[in-house]
Every structure is written in structure tokens, then in C-alpha cells.
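Right, one structure below, let's go through it.
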Amino acid sequence: MDHLIDDLIKLAFAEDIGDGDHTTLCCIPATATGRSQLIIKEDGVLAGVEMAKRIFHHFDPELQVQTYLEDGTEVRKGDIAFTVEGRVQSLLQTERLVLNVMQRMSGIATTTRKYVKALEGTNTRVLDTRKTTPGMRMIEKEAVKIGGGVNHRIGLFDMILLKDNHVDFAGGIEQAITRAQNYLKEKGKDLKIEIEVRNFDELEQALKVGGIDRIMLDNFNTDDTRKAVKRIGGKYETESSGGITFDTLREYAACGVDYISVGALTHSVKSLDMSLKAV
């Protein structure tokens, strides 16, 4: 999926620079060289250092990056993550894109780390979702991994997830699962099948059909989640989803689910404050 990141970088530069950064071009000589440093302005988890290198080198292969802190490091206000040295025109034109990416990724990694720590001591892992910024999914999901979370499917292509609308349009749980199984056989594809169930009746139907990999318990309360996990009995992976907050996270983990999916990891995250300043 590297080409998607390359495309994102190209698009981001196109929308930012257009026919030229006239502010920089008018006052900075093409031969001028200098150095900038990435300064952390609030505590959190650092993410996007490797992406920053990629952005710098995409724009100007001669830019030199000296890294002091790696992705996944818990950072504090005042820390210096890296310095970058080279043509000043290049430093100024890459500055905002690097900051936009790193602040967003670090915000996601920081939030994810908070959820991961809340689940310590349990066997439950936190999953991301497809509730991502269009075009930025690959780097946002990478930030979840840096924060210690687990990626759910990347998109619609790498897993079959039969959600409520699929079930309703297909005519029921049994029809949805059997059509998925037949489709994979016909296409010769090896994809995992996950089925979302909204109640115990649908759970029983899913268990009756079988041939699946994971069951998503959608909007089950903790009592029902505990009963459902017991009923499934380890035969399939289990995932809790819907209406779960940070405050109720641990309660759901105590029910024995394998995964809890949290859209908030990517859809409503506050970016981590940082700046890229001339040395």
C-alpha cells in the first residue's frame, strides 16, 4: 500500500504549494542552507517520524534528518524529536505538511496508548475502525499500531465484515454468511469472515451456520456481552462494538471479549502540539 502514501504526499504538496511557495521564493535565496528542529509542545506519544523522513526525502532527497526520538516514544513538552538540515527553501516548503501529519499521527498514538494502558492485565485488545480521514487511512492506522493498538481490516477489500445493513439487505444472518462463503469459494479468495449480531437470536443463527472467524457483538450491554462470550465458548473470536466509552472499556474487557473496536481512536482525536523551528 506504499503507493497510497506516495499519492497522499503528492496531493498534499499540490494543494499546499500550487504553482510555487511565493513567500519563500521571494525572500530566501535558492543556495541558502539551514537547520530546523522538531520541538514537542505537550506530553504524549510520538508518531510520524518515519513519515516525516519520507516527506522530506520525497520533496528534496538532499535533506538530512538526525533522529533523536523514535516512533512510539512517550515524549514530554520541550523534547526535541529530530533535526533536519539542507536547503532553507525545502525546509520551509515541507514544514507544514510534516507538522500536519506528525501532529495527527501523534494525537492518534497518544489516544490509543491511553486505551491500551486501560486494558493492561486483560486479554482484550483495542481495534481501530474505518472511521478515518479520507486519503489518510494508511498513516492513521499506522499511528494506532505505534500507540500499541491493533488494526482491524484496512478497507473493504481485506476482510468480509457482514454488518447489520448487509444482513438486512441479504435477508438475514444465514443468507449473508452462506453467500459470503460461496463467494469466497467462487473467487478463490482467502478472507476472514466476521458477522455482526444485534441480539441473541442473531447470535444463535450465526452459531448454527458456522464457518466464520469472528462475531461482533453490536451494542450489547456488559451483562449480555458476558453471556454471549460464554455461549460462543471460544469457538470464534469475539469483538465488542458500539457505545463503548473509555470509562466502560475495562468493564467490557472483563466480559472476556478478544477485541473492542473504538472509532474514537481516529475519528475525534486532538492533535498533539509540536513545532518545527529554525535553529
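Sub-6 Å Cβ pairs linking a first residue in the stretch 122-147 that is within 11 Å of T112 (Cβ to Cβ) to a second residue that is open to solvent by 30 Å² or more (accessible area, probe 1.4 Å) and acidic (D, E), at least 6 apart or interchain, are I146/D71, ordered by first then second residue.
Annotation note: Cβ proximity below 8 Å between a residue of the stretch 159-174 that is without any contact (Cβ under 8 Å) to a residue 60 or more places away in the chain and farther than 16 Å from D213 by Cβ and a residue that is of a type in the set (D, E, K, R) and not in a loop (DSSP other than H, G, I, E, B) (sequence gap 6+ or interchain) occurs for D164/E196; D164/D218; V167/E196; V167/E202; A170/R179; E174/K208.
Scan the stretch 37-58 for residues that are within 25 Å of the chain's Cα centre (by Cα) and outside any loop (DSSP other than H, G, I, E, B) and the total you get is 15. Within the stretch 198-257, being over 15 Å from G172 (Cα atoms), open to solvent by 30 Å² or more (accessible area, probe 1.4 Å) and among the basic types (K, R) holds for R226, K227, K230, R231, K235, R250.
The values are calculated or read from the model by the stated rules, or taken from the named source; none is laboratory data. The structure presented is a predicted model; accordingly, all values stated were derived computationally and were not measured. Counting neighbours? That spans all protein chains shown, and the Cβs are built from the backbone with ideal geometry, glycine included. Side chains are part of the model used for accessible areas, which takes the heavy atoms of the whole protein and leaves out ligands, DNA and RNA. Shrake-Rupley method; radii C 1.70, N 1.55, O 1.52, S 1.80 Å.
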